[in-house]
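Notes to accompany the following structure.
Derivation of every value follows stated rules applied to the coordinates shown; laboratory data play no part. Not measured: the values here are computed from a predicted model. FYI the Cβ positions are ideal-geometry reconstructions off the backbone, even for glycines, and counts take in every protein chain you see.
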Amino acid sequence: MVTSNWAGNVRYSARAVHHPRSIAELQELVAGSERVRAVGTGHSFNRIADTEGDLVSVAGLPARIEIDEAQGCVTVGAGMRFGEVVGPLDAAGLALANMGSLPHISVAGACSTGTHGSGDANRVLGAYARAIEVVGADGALRTVRRGEPDFPGSVIALGALGVVTAVTLDVVPAFGVRQWVHEGLTDLDAVDAALSAAYSVSAFTHWAGAGFEQVWLKVRDGDPVPEPGWLGTTPADGPRHMVRGVDPRHCTPQRGEPGPWHARLPHFRLEFTPSTGDELQSEWFLPRELAGAGLRALDAVRETIAPVLQVCEVRSIAADDTWLSPAAGRDTVAFHFTWDDSPAVEPVVAAVDAALEPLGARPHWAKLSALAPAVVRERWPEFGRWAELVGRHDPAGTFRNAYLAALLD
């Protein structure tokens, strides 16, 4: 029974929780509900999925992986997790161009909220979608395809257009990746160069010392490998976890051990629970050219951040044209924070909001932020078009909750 989000910091207030086993059952449920919201793996940290009406888990919908090699795509059922999709894809000699840190999250949920990985040329996961199947407020199942006028607003839609039942994603030929961890990147001004050094890069800091303690480099086979003294860093002499004191066996193989794309692009192995325990998360997105300015703004409040921080991760994301993407219309740098699960986090999140807001920060849709809805709306140039789309497809507010009402009203 789904009663809370993944982290346990949000207890859902739904009057009933449903686990439909077929699309037909889901359609009947949605058509008969005044208020309904969908939840996947629950990897959110605010009330984006909450409702006082009916909460629908898509985890029980039929597993579906349909690979179309000729068209270069795969159609995936909404309840499928990335880690369950990659094996069949790899066996067919195909790959996803990018993955997030966790293979444990659902494909539909990740696409709906703007989840991303890292890499100067890699877009958010939803930007690789070419079709979305969704049950609308009337219970009808429809498909929205790339190239149609509503498509850019239907991929990252925050659950406001209906319950997603399947996503069709672009695929590429399978490729190999080697992963290295380098330690001791002390120069904040070098972070921009670090993010450009490999196919996918993550820089980790605790804001308690000089610069970044770790930089994780995921290098595609055939691409150049950074030298041992790269940017003044030292290669790690053993496997590492980005959070202090946590067993690195949970993490994907490092030290240049060759492996397939799906076993290196995520930070964590599917077979392990990826949590360090109780935690909260926030994330903010800035234009890529403001990476240095963002780091300096955070450095100015490091003494506020450090006492409640487990780790901060900095990544890059390529621009895309989906309306609510964190990288909509601009190459982007992402500042992700994993916090202790503590009431002391709330004022710290507000302090980070205040530090990054003047730089045009966009908050993650599914994570903690105190930025006012009016400020948030201004950060997405196409928000008004998206709001019109929502009003057209759900005039009665079947999929609206308090979170969406604050954004849209």
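Which order do the peptides 235-247, 330-342 take when ranked by the mean count of other beta-carbon atoms within 10 Å per residue, highest first?
Sorting 235-247, 330-342 by mean packing, highest first, produces 330-342, 235-247.
Amide H of VAL56: which non-local residues (sequence gap of 5 or more, or other chain) have their own amide H closer than 5 Å, using H built in the peptide plane?
HIS18, ARG37, ALA38, VAL39
For the chain, take the longest principal axis of its alpha carbons; what is the angle in degrees between that and the long axis of helix 383-393, to the nearest 10 within 0 to 90?
30 degrees
Given ALA174, ALA24, ILE105, which one lies farthest toward the positive end of the charge dipole of the chain, if we put +1 on the Cβ of every Lys and Arg and -1 on the Cβ of every Asp and Glu?
It is ALA24.
What is the extension gain from THR3 to ASP331, computed as 0.36 nm multiplied by their sequence separation minus the C-alpha to C-alpha distance, in nm to one decimal?
Working: separation 328, 0.36 × 328 = 118.08 nm, distance 3.70 nm.
Stretched out fully, the THR3 to ASP331 stretch lengthens by 114.4 nm.
First obtain the Kirkwood hydrodynamic radius of region 65-173 from its Cα pairs, then insert it into the Stokes-Einstein equation at 25 °C and 0.890 mPa s, and state the resulting D in µm² per second as a whole number. Mind dumping the intermediate values first?
Details: Rh = 13.9 Å.
Answer from the Stokes-Einstein relation: 177 µm²/s.
Of the peptides 205-214, 373-382, how do they stack up when ordered by the mean number of other Cβ atoms within 10 Å, highest first?
Working: 205-214: 18.8, 373-382: 14.1.
The densest-packed peptide leads the list: 205-214, 373-382.
On each of the three principal axes of the Cα atoms of region 212-336, give max minus min coordinate, whole Å, ordered largest first.
37, 35, 33
Would you calculate the separation in nanometres between label points at VAL375 and ASP278, each defined as 7 Å from the Cα along the Cα-to-beta-carbon direction?
A separation of 2.8 nm, rounded to one decimal place.
By how many degrees, 0 to 90 and rounded to 10, does the Cα axis of helix 345-356 deviate from the longest principal axis of the chain?
Approximately 80 degrees, to the nearest 10.
How would you classify region 87-134 from its alpha-carbon gyration tensor, with a ≥ b ≥ c the square roots of the eigenvalues: rounded for a/c under 1.5, else prolate if a/b is greater than b/c, otherwise oblate? Spell out each step's value before the answer.
Numbers: a/c = 1.45, a/b = 1.14, b/c = 1.27.
Taking the square roots of the gyration eigenvalues as a ≥ b ≥ c, region 87-134 is rounded.
If packing is taken as the average count of other Cβ atoms within 10 Å, what order do 91-103, 191-203, 137-149, 56-68 fall into, highest mean first?
Details: 91-103: 19.6, 191-203: 21.5, 137-149: 14.2, 56-68: 17.2.
Going from most to least packed, we get 191-203, 91-103, 56-68, 137-149.
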